[in-house]
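Down below is the structure, laid out as structure tokens.
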Amino acid sequence: MRYTLLLHYPEMTSEDLGAEAMEEGQRAFQSYAAALDAAGVLLAAEVLQPSGTTTTVRLTDGGLLVQDGPFADTKEQLGGTFVIDVPDLDAALQWAGKAPSVAWGAVEVRPGAVYYSEGAWRPNA
């Protein structure tokens, strides 16, 4: 079963964090990704750019409305994702609990419904 771990945490610049905290965070996420990979459950991982780089697109009145910035105004950002393939929700929750960012934010665990692979949409099972 595929699950996406969505990492939500307060948005801070590298200057806000400081070099030491930034390096510690990078080491922690490298270790976490390596552990997921070694367990054979990691399908994908991505750290996102700051929310200020976001562009939101929506269809309005028959045309595309392109808006700078995220749709929601919030103190937390979606900072990254990990897509894992594990037997069940309990296993996904165990991995979510090991994410470094759980110490300063939330990790949303969401099962996939379908995914695209090898030219076709496939059910998540």
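Annotations
- Ligands, DNA and RNA left out, the accessible area of segment 1-109 computed with a 1.4 Å probe is 55% carbon and sulfur.
- Annotation for residue 66 and residue 108: the two label points, set 7 Å from Cα along the Cα-Cβ direction, are 2.6 nm apart.
- Highest average first, the peptides 59-69, 93-103, 18-28 ordered by how many other beta carbon atoms sit within 10 Å of their residues are 93-103, 18-28, 59-69.
- Karplus-derived HN-Hα couplings along segment 6-15 (A = 6.51, B = -1.76, C = 1.60, θ = phi - 60°), whole Hz, x at Gly and Pro: 9, 8, 10, 7, x, 7, 9, 7, 5, 5
- For the chain, calculated [θ]222 nm from helices alone, where every DSSP H run of n ≥ 4 adds -39500 (n - 2.57): -7500 deg cm²/dmol
- Across all Cα atoms of segment 1-49, the radius of gyration (one decimal) and Dmax (whole number) stand at 12.8, 39 Å.
- Listed values for segment 112-123 are Karplus-derived 3J(HN,Hα) couplings in whole Hz (6.51 cos²θ - 1.76 cosθ + 1.60, θ = phi - 60°), namely x, 9, 9, 9, 9, 8, 6, x, 8, 7, 10, x, and x replaces Gly and Pro.
- Accessible area in square angstrom per residue, segment 51-119, 1.4 angstrom probe: 68 Å²
- Our summary of shape: the Cα atoms of the chain have principal axis extents of 47, 44, 23 Å, ordered from largest down, in whole angstrom.
The values are calculated or read from the model by the stated rules, or taken from the named source; none is laboratory data. Note that the structure is predicted; figures quoted are calculated from it, not measured. With ideal geometry, Cβ positions are generated from the backbone for all residues, glycine too; neighbour counts draw on all protein chains shown. Each accessible area value is taken on the protein alone, full model and side chains, heavy atoms only, with ligands, DNA and RNA left out. Shrake-Rupley method; radii C 1.70, N 1.55, O 1.52, S 1.80 Å.
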